[in-house]
Every structure is written in C-alpha cells, then in structure tokens.
Amino acid sequence: METAGQALLAEKKGAHRIELCAHLEWDGLTPSDDLVFNTLSCLSIPVMAMVRCRKGDFVYSSGDLEEMKNTVVFLENAGVHGIVFGGLLKNNEIDFDSLHQIASASKKLPLTFHKAIDLTPDPLQSLKLLVKEKVVSTVLTSGGPGSAWDNRQTLKKMVDFGKENNLTVLVAGGVRHDNLAVLHAYVNATAYHGRKIVGDLS
C-alpha cells in the first residue's frame, strides 16, 4: 500500500497485514516518515515496512546499507511490526551479508525477504538457503519472473518446503480476489499478497 487510506480500506475489507511502501511503479521503496506514522495511527493490523533506499537493482553499496540500517532503527522505534528487504549479489544470488546487516540493525522485528528472490537463478534453492541461514521468517515470492499462477508448480514446492521448515511463503504476483480461490486450491499457501487481493481500493 502507498497511502494510509488504501491501507485502512484494505483492513476494512479483510486484509490481515499491510506491506507499506512508496513508489510501487519502481517495485517499492521505503515509505516516508509521515506515511509510516499516519498508517500506524489508523490501523489495528500489523504493518510491515519496505526497506529499499533507491530504485533500480537490488545490489547495494556499503553506503546504501548504512542508510537502510538507519532506516530499520527508525522504523522499529516508530512501531512497525516487521521489515521487508531483499539484497542480491551481482550474479543475482542472495546477498547474505547485506541480509544479516539489515537483520542486525533491528533488535526484535521479524524480517521478510521480498521478491528479489524471483530474480535468483533458482528461487526454490534460494529459499532453501534462506532457511539454513535462519534470519528471515517470511519470503515474499511469485516463484520466479511472472505471475504466481505462471509459476504455480515452483510455488507449490516452495510452499511445501516452507511449511516443513517453519517459514512462511507469502505468495504474490497478480493475486487478486477473483483468482485467489483457484490459486489457493493449487499451492495451498498460508498467506497471500496483492494490491487487489481484497478488491478495489480506489
């Protein structure tokens, strides 16, 4: 969600959590301070905040990471319920060093690895590596480039592996209120993500 109004309407329509970010046209950036405070003040469901300091790729410099670690501290103090982050190496494998740096910046917030995983050569293998690291509690994924339905076979394997290893696979990618039932019948996930998952928010 990009506005407090959208987030509040999503809650009223049945959403169980909100991912708050700015500039969805760039796949999401860190929300502004005002957006964070305004959203937290009017919602009763958990708010997860995107931590991404710039548009473009997910290969971050040391300067980027310092900025984002400071952002994590601010977001935790503001009262968000979780952090959404994903970093990659130049070969599109997961950057575990950046992931651990972001995780260590927070004393207690759960960490979600976002859809940067879909750019890795093998999202299922990347999920297995994330499980081994024990640093994230949730992975937001479409199972690869494209929609959740396009990648439903991979997503099914990812969901099953996540259940076996106490990690939530949050299924995303073109998930809407009118296709959720058929997607759920195939992948049987415990959580789904989408701007239109509870209907129109305009």
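The values are calculated or read from the model by the stated rules, or taken from the named source; none is laboratory data. What you see is a predicted model, and the numbers here were worked out from it, not measured in a lab. Virtual Cβ from ideal backbone geometry, glycine too; neighbours counted across all protein chains shown.
What to note about this one:
- Index of the failed condition, residue 32 passing every other in (1) touching a residue at least 40 places away in the same chain (Cβ under 8 Å); (2) surrounded by fewer than 16 Cβ atoms within 10 Å (Cβ to Cβ); (3) touching a strand residue (DSSP E or B) at 6+ places or on another chain (Cβ under 9 Å): (1)
- Tabulated pairs, region 94-109, first closer than 13 Å to residue 73 by Cβ, second among the acidic types (Asp, Glu) and modelled with pLDDT of 95 or more, C-beta under 6 angstrom, 6+ apart or interchain: 106/76; 109/76
- Checking residue 126 against (1) part of a helix (DSSP H, G or I); (2) touching a residue at least 24 places away in the same chain (Cβ under 8 Å); (3) within 30 Å of residue 34 (Cα to Cα), the condition it does not meet: (3)
- Across region 144-202, the number of residues qualifying as in a loop (DSSP other than H, G, I, E, B) and of a type in the set (Ser, Thr, Tyr) comes to 3.
- Residue 9 falls short on exactly one of the conditions (1) in contact with a helix residue (DSSP H, G or I) (Cβ under 6 Å, 6 or more places away or on another chain); (2) touching a residue at least 60 places away in the same chain (Cβ under 8 Å); (3) surrounded by fewer than 20 Cβ atoms within 10 Å (Cβ to Cβ); (4) among the aliphatic types (A, V, I, L, M), and that condition is (1).
- Total residues in region 118-141, condition surrounded by 21 or more Cβ atoms within 10 Å (Cβ to Cβ) and among the polar types (S, T, N, Q): 4
- Checking 108, 115, 196 one by one, the residue that is at pLDDT below 95 and surrounded by 19 or more Cβ atoms within 10 Å (Cβ to Cβ) is 115 and no other.
- Restricting 154, 168 to residues that are within 22 Å of residue 101 (Cα to Cα) and buried (at least 17 other Cβ atoms within 10 Å of the Cβ) narrows the list to 168.
- Checked against the criterion of being more than 21 Å from residue 190 (Cα to Cα), at pLDDT 95 or above and in contact with an Asp or Glu (Cβ under 7 Å, 6 or more places away or on another chain), region 75-88 has at least one qualifying residue.
- Given (1) surrounded by fewer than 18 Cβ atoms within 10 Å (Cβ to Cβ); (2) over 16 Å from residue 84 (Cα atoms); (3) not small (Gly, Ala, Ser), number of the condition residue 23 does not satisfy: (2)
- Selection within region 64-117: residues that are within 19 Å of residue 170 (Cβ to Cβ) and assigned to a helix (DSSP H, G or I). The member of this set that is nearest to the chain's Cα centre (by Cα) is 115.
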